[in-house]
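The values are calculated or read from the model by the stated rules, or taken from the named source; none is laboratory data. Small disclaimer: the values here were computed from a predicted structure and weren't measured. We place every Cβ from the backbone using ideal geometry, glycine too, and count neighbours over all the protein chains shown. Please note that ligands, DNA and RNA were not included when accessible areas were found on the heavy atoms of the full protein model with its side chains. Shrake-Rupley method; radii C 1.70, N 1.55, O 1.52, S 1.80 Å.
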Amino acid sequence: MSQTVLDSAVVDNETIEQFRADGVVALRNVVDAEWVERLREGVAAEMADPSPTAHAYESTGFFGGLDLWRVHADFEEFVLGSRLGEYASAMFGSLTVRMYYDQLFVKAPGASQPVPWHNDQPYWPISGRQVMSFWIALDEVDATSGRVEYVRGSHAWDRWFQPRTFAPTNAHDYKQNPDYEPAPDVEADRDAYDIVSFDLQPGDAVAFWAMILHGSRGNSNQGRARRGYAVRYIGTDVRYDPRIGTAEALHYDELEPGAPMETDHYPIVWPRSA
Ligand SMILES: O=C(O)CCC(=O)C(=O)O
């Protein structure tokens, strides 16, 4: 798979090579302490007054939500103005980068909530290869607190796994896409997979492709929440593709199927405008 190489002022070649080969790489200290605090305050505001996309599962100690940047000014300033767009440009090799959406994953101390093994792009109504996330740690994250785990290299499998809800009930599960296959039961046979994960400090991030297989266990740490804030960016090879089985909340009917994502609904974050 040939990929565009762009000179980058923010990320070194070794990191880019690891990202492209493994599908995932940890980025240390990419969000400064002041922004970590602002994002934490944003999370607290969202949890106190949840926006329409919020999903709180009290029985398992989980709180999530998406497209927060459309309703919270701090998140908006962060996703449009942080250096992550520039990172994405170098990492997936696109001169132009657009904001796709953001998503919150909070596991309370002691939360039993796992996130089942999945890859992201089958959930998302887009096709193309230049699709990636930065999962930003807002707390210290380690094996006890349900850090996200990844199957190294699985982004290159080109296997599309059927989305599943991770809500405690299946009431709002995703429509079956006949072109998708069931996600493998990684938990049942962990040794068969090359699983990688990273201990993180607040302000560290994990960068990963939308096609990598990943999941997380519950937060068995009774003393610490695990707040993760994921920001997703797209490059110029991405097209709108509202396939069956994708998340309705991410559909955007102003675009025709097959259209490039050239709309202010997905604003350009890199290069930065004056
Ligand atoms: O935060 C988690 O446990 C899961 C994150 C995830 O699946 C994602 O960011 O795509």
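Can you say whether VAL196 is open to solvent by 10 Å² or more (accessible area, probe 1.4 Å), of a type in the set (Val, Ile, Thr) and away from the ligand (no atom under 13 Å from the Cβ), as far as the supplied structure shows? It is true that VAL196 is open to solvent by 10 Å² or more (accessible area, probe 1.4 Å), of a type in the set (Val, Ile, Thr) and away from the ligand (no atom under 13 Å from the Cβ). Filtered by the rule that a residue be buried (at least 19 other Cβ atoms within 10 Å of the Cβ) and either more than 9 Å from the ligand (Cβ to nearest atom) or farther than 18 Å from LEU104 by Cα (or both), region 230-241 gives VAL231, TYR233, ILE234, GLY235, VAL238, TYR240. Residues in region 113-143 that are polar (S, T, N, Q) and either at pLDDT 95 or above or in contact with an Asp or Glu (Cβ under 6 Å, 6 or more places away or on another chain) (or both) were compared, and the one that is nearest to the ligand (Cβ to nearest atom) is SER133. Within region 261-270, the residues that satisfy the criterion of being closer than 15 Å to SER94 by Cα and open to solvent by 50 Å² or more (accessible area, probe 1.4 Å) are GLU262, ILE268, TRP270.
Test ALA247 against the stated conditions and say whether it is within 16 Å of the ligand (Cβ to nearest atom), small (Gly, Ala, Ser), more than 18 Å from VAL131 (Cα to Cα) and open to solvent by 10 Å² or more (accessible area, probe 1.4 Å). The answer is no for ALA247. Of all residues in region 68-80, which are open to solvent by 10 Å² or more (accessible area, probe 1.4 Å), touching a residue at least 24 places away in the same chain (Cβ under 8 Å) and in contact with a strand residue (DSSP E or B) (Cβ under 9 Å, 6 or more places away or on another chain)? Within region 68-80, TRP69, LEU80 qualify. Go through region 254-274 and give me each residue that's modelled with pLDDT under 95 and of a type in the set (Asp, Glu). Once the filter is applied, which keeps residues that are modelled with pLDDT under 95 and of a type in the set (Asp, Glu), region 254-274 yields nothing. Counting only residues that are touching a residue at least 12 places away in the same chain (Cβ under 8 Å), closer than 14 Å to TRP117 by Cβ, among the charged types (D, E, K, R) and out of contact with any Pro (no Cβ under 7 Å at 6 or more places or on another chain), region 157-201 holds 5 of them. Would a scan of region 137-145 turn up a residue that is within 15 Å of the chain's Cα centre (by Cα) and part of a loop (DSSP other than H, G, I, E, B)? Checked against the condition, which is being within 15 Å of the chain's Cα centre (by Cα) and part of a loop (DSSP other than H, G, I, E, B), region 137-145 yields at least one hit. Would you say MET211 is farther than 25 Å from PRO52 by Cα, among the hydrophobic types (A, V, I, L, M, F, W, C) and crowded, with 17+ Cβ neighbours inside 10 Å? For MET211, the condition - farther than 25 Å from PRO52 by Cα, among the hydrophobic types (A, V, I, L, M, F, W, C) and crowded, with 17+ Cβ neighbours inside 10 Å - is met. Could you tell me whether PHE105 is touching a Gly at 6+ places or on another chain (Cβ under 6 Å), open to solvent by less than 10 Å² (accessible area, probe 1.4 Å) and not basic (Lys, Arg)? Spelling it out, it is not the case that PHE105 is touching a Gly at 6+ places or on another chain (Cβ under 6 Å), open to solvent by less than 10 Å² (accessible area, probe 1.4 Å) and not basic (Lys, Arg). In this entry, GLY61 is excluded by the filter for residues that are small (Gly, Ala, Ser), under 13 Å from the mean Cα position of the chain (by Cα) and within 25 Å of GLU248 (Cα to Cα).
Assessment of region 86-94 against the conditions (at pLDDT 95 or above, closer than 20 Å to TRP35 by Cα and surrounded by fewer than 23 Cβ atoms within 10 Å (Cβ to Cβ)) yields at least one matching residue.
Among the residues of region 202-228, those identified as away from the ligand (no atom under 12 Å from the Cβ) and either farther than 17 Å from LEU104 by Cα or in contact with a Lys or Arg (Cβ under 6 Å, 6 or more places away or on another chain) (or both) are ASP204, SER220, ASN221, GLN222, GLY223. For region 136-152, a tally of residues being open to solvent by 10 Å² or more (accessible area, probe 1.4 Å) and either closer than 30 Å to GLU256 by Cβ or not basic (Lys, Arg) (or both) returns 7. Pairing residues of region 144-156 that are in contact (Cβ under 8 Å) with a residue 60 or more places away in the chain with residues that are within 13 Å of the ligand (Cβ to nearest atom) and of a type in the set (D, E, K, R), at Cβ distances under 6 Å and at least 6 apart in sequence or on separate chains, gives SER145/ARG226; GLY146/LYS107; GLY146/ARG217; GLY146/ARG226. Residue check: is ALA21 farther than 17 Å from ASP102 by Cβ, under 20 Å from the mean Cα position of the chain (by Cα), modelled with pLDDT under 95 and surrounded by fewer than 20 Cβ atoms within 10 Å (Cβ to Cβ)? It is false that ALA21 is farther than 17 Å from ASP102 by Cβ, under 20 Å from the mean Cα position of the chain (by Cα), modelled with pLDDT under 95 and surrounded by fewer than 20 Cβ atoms within 10 Å (Cβ to Cβ).
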